[in-house]
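Worksheet: the structure to be examined is printed underneath.
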Amino acid sequence: MVGGRKKRVLASGVFDLVHLGHALFLRDAKKAGGRGAKLIVVVARDSTVKRLKRSPPILPEETRRGLVEALKPVDKAVLGSDRFDVLGIIRKYKPDIIALGYDQDSVAKIVERHIKMEKLPVKVVRIKKFEKEALNSSTDIKHKIARSIR
């Protein structure tokens, strides 16, 4: 607890075609906050996904947000900003911990730069990669679907 309140953990991602890797990432993100932590998940907007990945997500943003919020470790899922405003999100949700996935290197650099510049009391933790299992990434799922309809 921080100052009498439970720790807030913030995690983010696209979460297109939710799979076991996403569930394990969110489970471990919440664990990073300790007992009673609250997990808030920022789901990328469709416009952000298109800009960063050069293709739209399969599922629309509100569907992805709803699916993420339905997962057991998640206390609240929100849509990100259209402008990819990392500092605005940090200021709004005031996390004690930001949990990043093993593959979020570019986001990690942005988050760490803002925390340092603003002298924010936020800890960044990286969640390890889980053992590779069949269909444990959205890209793998998309490729398998594409192969099956050829």
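The values are calculated or read from the model by the stated rules, or taken from the named source; none is laboratory data. Every value quoted in this text rests on a predicted model; they were computed, and no experiment measured them. Reconstructed Cβ throughout: ideal geometry from the backbone, glycine too, with neighbour counts over all protein chains shown.
One table, with the values for the structure above:
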item	result
The lone exception for residue 9 - which of (1) touching a strand residue (DSSP E or B) at 6+ places or on another chain (Cβ under 6 Å); (2) more than 18 Å from residue 108 (Cα to Cα); (3) not acidic (Asp, Glu) it fails	(2)
Unmet criterion (only one of (1) in contact with a Pro (Cβ under 6 Å, 6 or more places away or on another chain); (2) modelled with pLDDT of 95 or more; (3) surrounded by fewer than 20 Cβ atoms within 10 Å (Cβ to Cβ); (4) of a type outside the set (S, T, N, Q)) for residue 36	(1)
Within the stretch 13-104, helices (runs of 4 or more DSSP H) holding 2 or more residues that are under 12 Å from the mean Cα position of the chain (by Cα) and either in contact (Cβ under 8 Å) with a residue 12 or more places away in the chain or within 25 Å of residue 146 (Cβ to Cβ) (or both)	20-31, 61-69
Condition check for residue 9: within 25 Å of residue 115 (Cβ to Cβ) and in contact with a Leu (Cβ under 8 Å, 6 or more places away or on another chain)	yes
Residue among 111, 86, 43, 78 that is buried (at least 18 other Cβ atoms within 10 Å of the Cβ), of a type in the set (A, V, I, L, M, F, W, C) and more than 20 Å from residue 128 (Cα to Cα)	86
Hits in the stretch 50-75 - residues which are out of contact with any Leu (no Cβ under 8 Å at 6 or more places or on another chain), surrounded by 14 or more Cβ atoms within 10 Å (Cβ to Cβ) and under 15 Å from residue 39 (Cα atoms)	69
Residue that is surrounded by the fewest Cβ atoms within 10 Å (Cβ to Cβ) [pool: residues in the stretch 114-133 that are of a type in the set (A, V, I, L, M, F, W, C) and part of a helix (DSSP H, G or I)]	117
